[in-house]
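> Got a structure for you, questions after.
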Amino acid sequence: MINFERMQYIIQTIQDNEVVYIKDLAKQFFRSESTIRRDMAVLEREGYIKRVHGGAVRIMHSDTHDIPYHVRTTDDVAIKRQIGKIAAGHVKNRMLIMMDTSSTTSFILPYLKQKDLRIISNSAQLVLQALNTIDGKVYCVGGKLDPYTLGFVGESARQGLLQWNADICFLSSRCVDLEHGCTDVSDEETVIKQTMIRQSAKVIYVADSSKFNKVSPRHLCRLENLDGIITNKEPDGNWKASLQERNIRLQLCNPI
């Protein structure tokens, strides 16, 4: 099978199954894993897929669906651990913390050594992880469970968040841009994140550098709503000066 035909097959397979794995494709085509990775690199540049650890996921061209949670938690793990370690430095004893369903926020939990914390989230996975990680209490707002984010959404979840006033909120989104601010893809998740922002005294945005200088269809918040941004490298463009003007602290991880 020539390269073009192989890539067409990958596109069709990922459209049918949403996720494909390098090892499976290598066995199927009797090619090396490095060959399959090169195919995927081409498809990613063309906008057909997003490469993740061990494979790739489908990009919804309507940009209205999220990537499954279990896939996101295996993508860029080393970077997310570094971001999580820095983010935990913002937390003090007895703080009340809000955290969204983004996979990056879950990497903060192992570094939270402070005492008597309270964590509030709409993420089913995060609160289960927090039960075995932090010194303190864990609260999960209820509602409709989104199968992609494994988070609770809807009016019940929003009303649950309105019962709390948090010291700090950690969140992320699909994209962030100097002009358009933070943007995302899910209407319901966006409403929940906006509520977290309103109910928190301090808001820290955590995301790897691939999220920057891009725009998704759903507006989440302006950059002015953020107190800090933690990422793995300084974004291209006028970010440093622009964030300084807005009094937003930019923190960078050590190079990997």
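> Please compute the volume of the convex hull spanned by the alpha-carbon atoms of the range 3-59 and report it per residue in Å³.
Values: hull volume 3.7 nm³, N = 57.
Given the Cα convex hull of the range 3-59, per-residue volume reads 66 Å³.
> Rg and Dmax of the chain, Cα atoms, in Å?
Answer for the chain, Rg first and Dmax second: 19.0, 61 Å.
> Moving on to the next point. Lysines near K113 by alpha-carbon distance under 21 Å, same-chain residues fewer than 8 away left out - which ones?
Candidates past the 8-residue exclusion: K80, K85, K92, K137, K202.
> Here's something else I'd like to know. Mind checking the full-extension length gain between K113 and R246? Use 0.36 nm per residue of separation minus the Cα-Cα distance, one decimal, nm.
On the way: separation 133, 0.36 × 133 = 47.88 nm, distance 3.06 nm.
Length difference between fully extended and current span is 44.8 nm.
> What is the chain's relative contact order, in percent, from Cα pairs under 8 angstrom and six or more apart in sequence?
In percent, rounded to a whole number, it is 14.
> With axes computed from alpha carbons, what is the tilt in degrees of helix 33-45 against the longest principal axis of the chain, rounded to the nearest 10 within 0 to 90?
Helix 33-45 sits roughly 70 degrees off the main axis of the chain.
> Which of T101, T35, T149 comes first, and how do the rest follow, when ranked by fewest Cβ neighbours within 10 Å?
Numbers: T101 28, T35 16, T149 25.
With the fewest neighbours first, T101, T35, T149 line up as T35, T149, T101.
> With runs of 4+ DSSP H residues as the only contributors, calculate the mean residue ellipticity of the chain at 222 nm using -39,500 (n - 2.57) per run, divided by the residue total and rounded to the nearest 500.
It lands at -10000 deg cm²/dmol.
> A follow-up question, please. Express in nm, to one decimal, how much length is gained between N238 and E18 on full extension, taking 0.36 nm for each residue of separation and deducting their alpha carbon distance.
Full-extension gain reported as 75.6 nm.
> Do you know the relative contact order of the range 3-59, to the nearest whole percent, from alpha carbon pairs under 8 angstrom that are 6+ apart? Write down the numbers at each step before the final one.
Values: 57 pairs, mean separation 21.9, N = 57.
Relative contact order, the range 3-59: 39 percent.
> Once the Cβ-Cβ distance between R222 and F30 is put in as r, and R0 is 45 Å, what FRET efficiency do you end up with, to the nearest 0.05? It would help to have the intermediate numbers written out before the result.
Details: r = 52 Å, r/R0 = 1.15.
Working from the Cβ atoms, E equals 0.30.
Rule-based calculations on the coordinates, nothing more; no lab input. Worth saying up front: this structure is predicted, and the values here are computed from it rather than measured. Counting neighbours? That spans all protein chains shown, and the Cβs are built from the backbone with ideal geometry, glycine included.
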